[in-house]
Every structure is written in structure tokens, then in C-alpha cells.
Amino acid sequence: MELEAVDADDYHALVLPGGQMNPDALRINEKAVELVLDFLDSEKIVAAICHAPWLLVEADAVEGRTLTSWPSVKTDIENAGGDWVDEEVVVDDNIITSRSPKDLDAFVAKIIEEIEEMDDHDVRKSA
């Protein structure tokens, strides 16, 4: 699917890819940054692993938040006003971050848990 066709209203969460090249290319893509902002503005989950918090920095969504990432992204997060911690998975409001592929099990489990909690909350609101 083309990035331009993605609508945050159609999804529960946005998972930003890790690695060095993917996030670096996406953070200079205006539509990708807008999509991150759409999900955050909709109070939907945005999950970022490894170098992917670069997109959160680019979206100016880090200030006052606690995140984790690949260690080399620490300075970028701190320069953007975020607090960086060296933990397997970190949840700050609707943003979930993890450090590296070795944390994938915890990262994916936390995404699922947060989506289920969001769905439970929506069901209670509509009841």
C-alpha cells in the first residue's frame, strides 16, 4: 500500500520499522512524518524500535516523554527534549519504544497488550 493511501482511522496502531536505513529514509519523507502525527493526534499507538524513534524526533513528539532506542539515537532523543532510558520496552502514553531486535518479544507483547487495553476502553465507553 502506498503511504499516501494510509489513513490512521483505519488502524489501531502504527509500528515504525527499525534498522538504520528504514527510519533514516522515512524521517525525511514528509508523508511518513505526517502519518506519525496523525496517529499521535488520534491518540493511537505508535511503536518504534531500534533507530525508529528518529521519526518521533522528526515529528517533534519526544519532548517531555521517556523513550528507549538503539544507543546511538540517545543523543537525538535527549536533544529533542526526551528522556532516554536503557530498558527493554518503554511505554509513555501511546508511544511504545524498544532498543533492538533482541527486545522484539517484549516489544510485540507490549503492542498487543496496549491494543487490547485500548479496545477494552473503547468497548466500555460505548456501553
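We did not get these values from a lab; they are worked out from the coordinates using the rules stated. Owing to the predicted nature of the structure, the values given are computational and were not obtained by experimental measurement. Glycine also receives a Cβ, built like all others from the backbone with ideal geometry; neighbour counts cover every protein chain displayed.
Among what's in segment 79-105 and is of a type in the set (S, T, N, Q) and under 15 Å from the mean Cα position of the chain (by Cα), pick the residue that is farthest from residue 67 (Cα to Cα). It comes out as 100.
Filtering segment 1-20 to residues that are outside any loop (DSSP other than H, G, I, E, B) and either exposed (fewer than 10 other Cβ atoms within 10 Å of the Cβ) or touching a strand residue (DSSP E or B) at 6+ places or on another chain (Cβ under 9 Å) (or both) leaves 4, 5, 8, 9, 10, 13, 14, 15, 16.
Within segment 21-60, how many residues turn out to be over 18 Å from residue 87 (Cα atoms), outside any helix (DSSP H, G or I) and out of contact with any strand residue (DSSP E or B) (no Cβ under 7 Å at 6 or more places or on another chain)? Adding up the residues that qualify gives 7.
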